[in-house]
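The values are calculated or read from the model by the stated rules, or taken from the named source; none is laboratory data. None of the values given here were measured: they were computed from a predicted structure. Note: ideal-geometry Cβ built from the backbone for every residue, glycine included; neighbour counts use all protein chains shown.
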Amino acid sequence: MALYRHDKQIFFNEIRVILSLEGFYINNKFVIKELGFKSCNLNSVIYFKTDTKIFKEKDLKTTYFLSNFIHGLSFYKNNEYWMSSNDYKAVIKTIYQLTETEDKSKIYIGYSNDINLLTILHNSGLDKISVNLKEIYKDIPTIKAIKRLSTYGFGPYTLCQMHNESEYYKYQCAKVKSLILYDWCLDKYQQQLNKNGID
Ligand SMILES: [Zn+2]
């Protein structure tokens, strides 16, 4: 699936919420574990239960790799209060409603170059109001740059408590990713406004 492209130019002030996710690949299918979101007044994360019965022996390697070197989340960690991973459509629609503001121009969901997220938005019927932020800002931070800013236990970009701690690796957290992308885009947008004001 190609990343959705819009015919008209979309500006950052039209983005209502930025989403980000982390998960696993089981039987060649992406399984959501963590969904982070950031709007102008909310930044939070929702965790999903994973059905451990679907786990196949052949997925051991990738699961181990993701848990130890990429996001530091555990496939097996579940909590009875978490959402089922099958409920992601309802969760995304709820986040979309929850982040509505009086500013009616804010209608889009932003994401950054993430095919799994786009697939989930497509399955939820929200791909037409979703925008790849890279369409707005070509120099949007890469995952490497986002990881450099992420911290454990202090600073504005603290990983949520669901990740392992590692002195060797910086892990990817969906909550922090959505926040860093939001702050970066907002800063860029304000710089443009200031520049246009002066020019
Ligand atoms: Zn996290």
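Just one of the numbered conditions (1) more than 14 Å from the ligand (Cβ to nearest atom); (2) farther than 30 Å from I54 by Cα; (3) small (G, A, S) is not true of S84: (2).
Quick test for you: out of Y171, Y157, pick the one residue that is of a type in the set (F, W, Y), within 16 Å of the ligand (Cβ to nearest atom) and touching a residue at least 40 places away in the same chain (Cβ under 8 Å).
Values: Y157 fails: touching a residue at least 40 places away in the same chain (Cβ under 8 Å).
Matching residue, one of Y171, Y157: Y171.
Yes or no: K175 part of a helix (DSSP H, G or I), at pLDDT 95 or above and touching a Cys at 6+ places or on another chain (Cβ under 9 Å)? Step through it out loud before you land on a result.
Numbers: part of a helix (DSSP H, G or I): yes; at pLDDT 95 or above: yes; touching a Cys at 6+ places or on another chain (Cβ under 9 Å): yes.
Taking the combined requirement at face value, the residue satisfies it.
Of the residues making up segment 118-132, just one is among the polar types (S, T, N, Q), under 15 Å from the mean Cα position of the chain (by Cα) and part of a helix (DSSP H, G or I), namely T119.
The set of residues in segment 144-154 being within 16 Å of the ligand (Cβ to nearest atom) and assigned to a helix (DSSP H, G or I) consists of I146, K147, L149. Inside segment 35-56, can you point out the residues that are under 10 Å from A174 (Cα atoms) and of a type in the set (A, V, I, L, M, F, W, C)? Passing the criteria: L35, F37, V45, I46. Scan segment 182-194 and tell me whether some residue there is under 19 Å from F11 (Cα atoms) and within 16 Å of the ligand (Cβ to nearest atom). Yes, that holds for at least one residue.
Quick one: would you say Y108 is in contact with a helix residue (DSSP H, G or I) (Cβ under 8 Å, 6 or more places away or on another chain) and buried (at least 19 other Cβ atoms within 10 Å of the Cβ)? Spelling it out, Y108 is indeed in contact with a helix residue (DSSP H, G or I) (Cβ under 8 Å, 6 or more places away or on another chain) and buried (at least 19 other Cβ atoms within 10 Å of the Cβ). Remark: pairs (first residue in segment 117-145, of a type in the set (G, A, S); second residue at pLDDT 95 or above and not in a helix (DSSP H, G or I); Cβ separation under 8 Å; 6+ apart in sequence or on different chains) = S130/Y108; S130/I109; S130/G110; S130/Y111.
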